[in-house]
Amino acid sequence: MPTVQDIRRKAGDEPITMLTAYDAPTAAAVENAGLDVVLVGDSMGNAVMGYDSTLPVTMDDVASRTGAVARATEDTLVVADMPFLSFGASEEASVENAGRLLKDAGAQAVKLECGEHTVELTDTLTSLGIPVMAHLGLTPQHVNQLGGYTRQGTTEDTASEILRLAEAHADAGAFSLVLEHVPANVAAQITDAIDIPTIGIGAGPDTDGQVLVVTDVLGMTDWSPPFAKQYGDLKAEMESAITEYKRDVENGDFPASEHSHAADDLDDLY
């Protein structure tokens with residue numbers, strides 16, 4: 001079973017590879033490809049649940065899908081996202097929700113979309129044995145406050161604030177840091193400044209690793225962010241297979257004899 005220390009040790013030697021997954025078959029494919037980390041992201045809201053943001057995603061949603069991913073993996077670190085309002089309102093509820101994702105769902109760590117309010121929480125969680133992956137830059141749970149999914153850290157003041165918070169969360173015990181949609185040179189400086197691995201998404205090539213949303217990688221969506229790369233066209237493959245199935249059913253070609261069986265002595269029921 002992989003640990004957060006394995007991820008920390010890998011940093012600097014070779015890039016850390018991470019993808020999201022929200023179900024057992026996808027998680028198994030991620031593991032079979034040899035990736036280091038699978039993130040059960042609240043991006044499931046946009047990617048597979050039909051919402052237009054991550055905000056409606058619930059603890060039950062994340063716990064259920066984390067359980068599916070954990071049951072399908074053995075050699076990949078499973079990190080579960082803490083969804084909107086599952087943390088920060090009170091320490092007691094935050095600890096209970098994070099603990100649920102480890103105790104009941106089988107994650108090995110949780111990810112927090114961070115700010116000043118999560119520094120002390122990171123210290124508390126890690127002190128209790130709950131590893132924390134921090135997340136700075138574009139934090140989609142703050143979309144209403146940010147005014148959209150825009151690049152962050154584009155001024156000296158905002159970039160310096162991200163650096164300060166990165167250092168604070170590293171000092172509080174986070175084992176790694178996701179940097180989303182920030183200038184590449186800002187991400188490079190943060191990577192150099194802190195002693196925990198950085199994992200970039202839209203943050204350039206100089207982080208310790210990379211993460212993308214799996215539906216973007218597989219080409220399952222009509223739109224993907226400018227920093228993503230499509231490595232397949234699974235949407236077209238799925239539509240082709242479903243269309244062929246429909247045609248075979250309508251033409252009487254499915255099911256064929258090899259897809260069914262008849263039981264002896266059951267021809268005269270009436």
*Go through the residues of the range 134-155 one by one and say whether even a single one is open to solvent by less than 20 Å² (accessible area, probe 1.4 Å), within 23 Å of Asp13 (Cα to Cα) and in contact with a strand residue (DSSP E or B) (Cβ under 6 Å, 6 or more places away or on another chain).*
yes
*asked:* Cβ-Cβ distance below 7 Å, separation of 6 or more or different chains: which pairs start in the range 122-143 with a residue that is over 20 Å from Thr191 (Cβ atoms) and charged (D, E, K, R) and end on one that is open to solvent by 10 Å² or more (accessible area, probe 1.4 Å) and assigned to a loop (DSSP other than H, G, I, E, B)?
replied: Asp123/Gly173
*asked:* I'm trying to understand the selection: among the residues of the range 6-17, which are hydrophobic (A, V, I, L, M, F, W, C) and touching a Gly at 6+ places or on another chain (Cβ under 6 Å)?
replied: Ile16
*Residues of the range 220-266 being open to solvent by 80 Å² or more (accessible area, probe 1.4 Å), at pLDDT below 95 and assigned to a loop (DSSP other than H, G, I, E, B), which ones?*
Asp222, Trp223, Pro226, His261, Ala262, Asp264, Asp265, Leu266
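Yes or no, residue by residue, for (1) open to solvent by 10 Å² or more (accessible area, probe 1.4 Å); (2) at positive phi; (3) of a type in the set (Ser, Thr, Tyr):
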residue	(1), (2), (3)
Asp60	yes, no, no
Ala70	yes, no, no
Ser90	yes, no, yes
Lys103	yes, no, no
Leu112	no, no, no
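For the condition within 16 Å of the chain's Cα centre (by Cα), open to solvent by 30 Å² or more (accessible area, probe 1.4 Å) and within 30 Å of Pro205 (Cβ to Cβ), what is the one hit in Thr17, Thr76, Thr66?
Working: Thr76 fails: open to solvent by 30 Å² or more (accessible area, probe 1.4 Å); Thr66 fails: open to solvent by 30 Å² or more (accessible area, probe 1.4 Å).
Answer to the selection: Thr17.
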_Regarding the range 198-213, can at least one residue be identified that is crowded, with 16+ Cβ neighbours inside 10 Å, touching a Pro at 6+ places or on another chain (Cβ under 8 Å) and in a helix (DSSP H, G or I)?_
no
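The values are calculated or read from the model by the stated rules, or taken from the named source; none is laboratory data. Treat the numbers as computed from the prediction; the structure is a model and nothing was measured. All Cβ positions, glycine included, derive from the backbone under ideal geometry; neighbour counts span all protein chains shown. Heavy atoms of the whole protein, side chains included, go into the accessibility calculation; ligands, DNA and RNA do not. Shrake-Rupley method; radii C 1.70, N 1.55, O 1.52, S 1.80 Å.
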